[in-house]
1. Looking only at the stretch 79-119, which residues are of a type in the set (S, T, N, Q) and over 11 Å from Cys14 (Cα atoms)?
2. Count, please, the residues in the stretch 19-30 that happen to be closer than 10 Å to Lys100 by Cα and either open to solvent by less than 90 Å² (accessible area, probe 1.4 Å) or touching a Pro at 6+ places or on another chain (Cβ under 8 Å) (or both).
3. Which of (1) more than 19 Å from Ile18 (Cβ to Cβ); (2) in contact (Cβ under 8 Å) with a residue 40 or more places away in the chain; (3) open to solvent by 50 Å² or more (accessible area, probe 1.4 Å); (4) among the hydrophobic types (A, V, I, L, M, F, W, C) does Phe116 not meet, given it meets every other one?
4. Hey, Leu92 hits all of (1) touching a residue at least 40 places away in the same chain (Cβ under 8 Å); (2) farther than 30 Å from Gln29 by Cβ; (3) out of contact with any Ser or Thr (no Cβ under 9 Å at 6 or more places or on another chain); (4) not polar (S, T, N, Q) but one; which does it fall short on?
5. Considering only residues of the stretch 24-60 that are among the β-branched types (Val, Ile, Thr), assigned to a helix (DSSP H, G or I) and free of Cβ contacts under 8 Å to residues at least 60 places away in the same chain, which is nearest to Val74 (Cα to Cα)?
6. Check whether at least one residue in the stretch 129-139 is of a type in the set (Lys, Arg), within 19 Å of Val62 (Cβ to Cβ) and either assigned to a helix (DSSP H, G or I) or in contact (Cβ under 8 Å) with a residue 24 or more places away in the chain (or both), and report yes or no.
7. Any chance you could count how many residues in the stretch 78-98 are open to solvent by less than 20 Å² (accessible area, probe 1.4 Å) and either part of a helix (DSSP H, G or I) or of a type in the set (Val, Ile, Thr) (or both)?
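The values are calculated or read from the model by the stated rules, or taken from the named source; none is laboratory data. This structure is a prediction, so every number in the text was calculated from the model and none was measured. We place every Cβ from the backbone using ideal geometry, glycine too, and count neighbours over all the protein chains shown. Accessible surface areas use protein heavy atoms only, side chains included; no ligands, DNA or RNA. Shrake-Rupley method; radii C 1.70, N 1.55, O 1.52, S 1.80 Å.
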Amino acid sequence: MNNKIPPPLVTLICGLAIYYSQIFFPNTQTSLGNLIAIALLLLGITIMVTAVLSFKKQGTTVNPLQPEKASSLVVSGLFNYSRNPMYFAMLLILLSLTAKFNVVGGLVNTLAFVIFMTKFQIIPEELALERKFGKQFTQYKEKTRRWI
């Protein structure tokens, strides 16, 4: 694995960057932004909980830093639509912070999150899963998108 930083910590760092960088960008807050923020936050939390429960139901590890310890490949439920619904949920949470606090800076930080997670977490994770599950993972990867 290339990444030794837990994804929730990466999300926290990006979230703090969204909040604290608002002094560098124009204020674009609106009441609609608050509604969007709440909706994205609730959707993100719901997706996260549902994805974690899918892992628990199959009795496999949720630890993204050790994908080689996975005992099974989760491909049902949300995982029919995204290979990484937990990371997508983190993205939605960052977008909720973006809508609430800092649209311009938030979009920059959220894009940085997507690039970082793809390069240093998802791609190495996929390589480990391909080694572990072989053709089963390759077929899953061919039919299911990485993010959404």
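1. Here is the first cut: in the stretch 79-119, the residues of a type in the set (S, T, N, Q) are 80, 82, 84, 96, 98, 102, 109-110, 118.
The answer is Asn80, Ser82, Asn84, Ser96, Asn102, Thr118.
2. Going residue by residue through the stretch 19-30, those that are closer than 10 Å to Lys100 by Cα are 19, 28-30.
Those left that are additionally either open to solvent by less than 90 Å² (accessible area, probe 1.4 Å) or touching a Pro at 6+ places or on another chain (Cβ under 8 Å) (or both): 28, 30.
Going through the stretch 19-30 one residue at a time, the tally reaches 2.
3. (1)
4. The failed condition is (2).
5. Step by step, filter the stretch 24-60, then rank; the result is Val52.
6. Going through the stretch 129-139, the residues of a type in the set (Lys, Arg) turn out to be 131-132, 135.
Okay, now just the ones that are also within 19 Å of Val62 (Cβ to Cβ), so 132.
Now drop any that are not either assigned to a helix (DSSP H, G or I) or in contact (Cβ under 8 Å) with a residue 24 or more places away in the chain (or both), which leaves 132.
Within the stretch 129-139, one or more residues are of a type in the set (Lys, Arg), within 19 Å of Val62 (Cβ to Cβ) and either assigned to a helix (DSSP H, G or I) or in contact (Cβ under 8 Å) with a residue 24 or more places away in the chain (or both).
7. Taking the stretch 78-98 first, the residues open to solvent by less than 20 Å² (accessible area, probe 1.4 Å) are 79, 82, 84-85, 87, 89-90, 92, 94, 96, 98.
Within this subset, residues satisfying the condition of being either part of a helix (DSSP H, G or I) or of a type in the set (Val, Ile, Thr) (or both) are 79, 85, 87, 89-90, 92, 94, 96, 98.
Residues meeting the conditions: 9.
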